[in-house]
1. Computed on alpha carbon atoms, what radius of gyration and Dmax characterise region 99-169, expressed in Å?
2. May I ask you to compute the full-extension gain from ALA36 to LEU51, defined as 0.36 nm times their residue separation minus their alpha-carbon distance, rounded to one decimal in nm?
3. Within 10 Å of each residue's Cβ, count the other Cβ atoms and sort VAL10, VAL69 from fewest upward.
4. Order these by the 10 Å Cβ neighbour count, fewest first: GLU70, GLU4, GLU126.
5. I need PHE33, PHE175, PHE154 ordered by Cβ neighbour count within 10 Å, fewest first.
6. Spin-label point model (7 Å from Cα, Cβ direction): what's the GLU113 to SER155 distance in nm?
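Rule-based calculations on the coordinates, nothing more; no lab input. Everything numeric in this text was worked out from a predicted model, so none of it was measured. Here the Cβ positions follow ideal geometry from the backbone for every residue, glycine too, while neighbour counts run over all protein chains shown.
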Amino acid sequence: MTQEIVEDIVRQRIRSLRLARGWTLDALAARSFLSASTLSRIETGHRRIALDQLVPIAQALGTTLDRLVEPEGDDDVVIRSEPETSPGLSVWLLSRERDRRGVTIAKMRMTSEREDKGPQVHPGYEWFTVLSGVAKLQLGERTILVREGQAAEFSTMAPHAISAHEGPVELLTIFDHDGERAHLPGQRRHA
């Protein structure tokens, strides 16, 4: 990717982020300690972008320099047709590994053959909705049946386990990194 193309992408991102916040050039100038005319020339391509200008612009826009200048490509698109499988569990990852939001989104299919690891405890929260079947959520001493179309969100500091109840269950789930390490197949574990 040429320098000009990268600069065009950065210019578009600066302008889009500014407009998404409803800010004028003057508002961004006040937050980034650059002049409105400098910002206008940067956004319109009449001025080359210098690193010492990008840092305060990124900070003012609430983003990082890395995210502002990352190249465009297909790396931000996730296409996975093959699930990760273990006995009684299939997982289709719907988000990238090390997702910027700090979460992993997955579709899970569980059957009664899934290994019972017993209730687990870890920091964070988990959320899931049942796409089909019935999920059995053990949460501390309680057993909660979560049916198709219902959702559950809970603190993972309570001992918890999710399993299929009377047949296969499919879930759409969101894990933070602690939940991902605790519940997804081993190759997804992060350091």
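1. Using the Cα atoms of region 99-169, the pair Rg, Dmax is 12.1, 37 Å.
2. On the way: separation 15, 0.36 × 15 = 5.40 nm, distance 1.74 nm.
Stretched fully, the ALA36-LEU51 segment lengthens by 3.7 nm.
3. Working: VAL10 20, VAL69 16.
Sorted ascending by nearby Cβ count, the order is VAL69, VAL10.
4. Numbers: GLU70 16, GLU4 10, GLU126 23.
Ascending Cβ contact count within 10 Å gives the list GLU4, GLU70, GLU126.
5. On the way: PHE33 11, PHE175 25, PHE154 15.
Placing the least packed residue first, the sequence is PHE33, PHE154, PHE175.
6. 3.8
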